[in-house]
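Structure record follows, encoded as structure tokens.
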Amino acid sequence: MSANQSRDGFATKLGVLTATLGSAVGLGNIWKFPYMAGENGGAAFLCIYIAATIVVGLPVMISEIMMGRHAKSNAISTWRKVAPDNKLWTLVGVSGVVAAFAIMAFYTDVVGWVFSFIVMAVSGGLNSTDPKIGEAAFSATVSSPMSALLWQWGVLALVSTIIIGGVTKGIEKTTKTLMPILLGMLILVCIRSLTLPKAGEGLAFLFNPDFSKVTGEVVLMAMGLAFFKLSIGMGTMMTYGSYFRNDADVPFTATRVMLADLTVSILAGVAIFPAVFNYGFEPAAGPGLLFMTVPAVFSSMPLGQFFMVIFFVLTGLATMGAMLSLFEVPVAFFIEALKWNRRKATILTAIGLAICGAPATLSFSTMSDVTLFGLNFFDFYDYLSSNLLLPIGGFFIAIFAGWKWGSDKVERALSNRGTLNNQAIISLYSVIVKWITPLLVLAVLLKGLGFI
Ligand code: PHE
């Protein structure tokens, strides 16, 4: 048993995997990845995103889980335990909690749109091959302040209910049920999309790289997506690592989650792009791609309404594991550091999120003119988290694991105190996390922000 017997945690090895994968899979795969790839050259973007995931994402993920499991603590207190002599490291944890709020603020808004699209898809209101109908439905959804807020609050209430259930009975149980259903549905939609006559054009877009559209900013976006996708750089994986069993193989689990998550992104691309090209739609439609193009695309095919409903339901399901893991970051901190009970921590977090989230939701209506650094609140939260807080957090995590913590501790933690025979993997990890990951993150950050 763990040293900390009273602490809730993931009870089974399968639960460790589904909860971690459930955190990784979400809007990042189904909403962000397709629209970003659509805008930034398709396959070229995919290549950079895959490279960032492997060279930067995976080492940071392993580091975070390793530190969380060692400290058996939340995202902030973990730093106090692993770096007791220097309080400055705790700031990385604080930035993670801020990032969790920033992400949830816009994430719950988008999930609200997804839920309202499920209702519209079921009622048949989206059955039209004219993209104008999807466009009108989308702008009606986002621009009506009260209904957008109500959807967001509904989402927060739903997630809170599961979080109050706890780690084993809430998070683990939910993700174990949802992940297989989600994968099954996604594969079904892929098959439908691939059997369309002109599917080849969409596949060429997704898999034939044209690097002419790639700039420093595009690379930063692809790296930001890799961080966002793997839920790293902000303490989610640290918090989840603290629930890992002591016999879980951290590098192996992280690698499996990374590969499965990449597969889901690619499957989402395979579900969307062949259909988009087959019916002559525009791949570069931006954040509205999922909501404006997808209904029209599905309405153009036989059994379209059925597949449209499946598609939005699977998107809604995919967001649950991600939101649970985001929510758990502040909740775990409040429970452990402020000694609040789980119910109180959850309810107060939800209220805080409703307050931070409202300006994001209202960015498309009453607050559309309010900007911070030239961005509306929605885009500001997104940019701040994906392109700044997560890469910066990831940079410091890599520096800590590679340079500060000590190779003996890293080795003990990753080999489960010598019970796993994975010396070669640990050596490879140590070289990458020391030299490659931090330098790449730094270079991409500086280049993407225009400093070099
Ligand atoms: N990985 C999730 C997704 O792609 C988002 C997320 C980011 C979740 C950061 C937790 C922490 O949708």
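Each reported figure results from applying straightforward, stated rules to the coordinates on display, with no laboratory input. From a predicted model like this one, the values you see are computed outputs, not experimental measurements. Ideal geometry is used to build each Cβ from the backbone, glycine not excepted, and the neighbour counts take in all protein chains shown.
Here are a few things to note about the model shown:
- Whole-Å distance, taken between Cα centres, linking segment 93-117 and segment 302-369: 5
- q = 0.16 Å⁻¹: log10 I(q)/I(0) that the Debye formula gives for segment 347-449, counting C-alpha atoms only: -0.81
- Estimated from the Cβ-Cβ distance and a Förster radius of 30 angstrom, the FRET efficiency linking LYS81 and LEU449 is about 0.40.
- Percentage relative contact order, the chain, counting C-alpha pairs under 8 Å, at least six apart: 34
- Sequence of PHE396, PHE451, PHE45 once ranked by neighbouring C-beta atoms within 10 Å, starting from the fewest: PHE451, PHE396, PHE45
- Radius 11 Å from Cβ of TYR240, net charge of other residues (Lys, Arg +1; Asp, Glu -1): -2
- Across LYS32/LYS434; LYS176/LYS409; LYS32/LYS169; LYS229/LYS447, pairs whose alpha-carbon gap is larger than 25 Å: LYS32/LYS434; LYS176/LYS409; LYS32/LYS169
- When ARG342, ARG69 are arranged by Cβ crowding within 10 Å, least crowded first, meaning fewest neighbours, the order is ARG342, ARG69.
- Neighbour-count order for LEU439, LEU388, fewest beta carbons within 10 angstrom listed first: LEU439, LEU388
- Positive-end residue, segment 13-448 charge dipole about Cα centroid, Cβ charges, pick of ASN341, LEU445, GLY200: ASN341
- Think of each Lys and Arg Cβ as +1 and each Asp and Glu Cβ as -1; about the Cα centre, that makes the dipole of segment 13-448 roughly 1440 debye.
- Proportion of all alpha-carbon pairs of the chain beyond 29 Å (%): 44
- Relative contact order %, segment 49-119, counting alpha carbon pairs below 8 Å whose residues are six or more apart: 18
- Within the straight-line cut-off of under 23 Å between alpha carbons, the lysines reachable from LYS198 are LYS132, sequence neighbours fewer than 8 places apart in one chain being disregarded.
- Cα gyration tensor shape of segment 240-382, rounded if a/c is under 1.5, else prolate or oblate by comparing a/b with b/c: oblate
- Considering every alpha-carbon pair of segment 1-113, the percent of pairs per 5 Å bin, from zero through the bin containing the longest distance, is 2, 9, 12, 18, 19, 18, 11, 7, 3, 1, 0.
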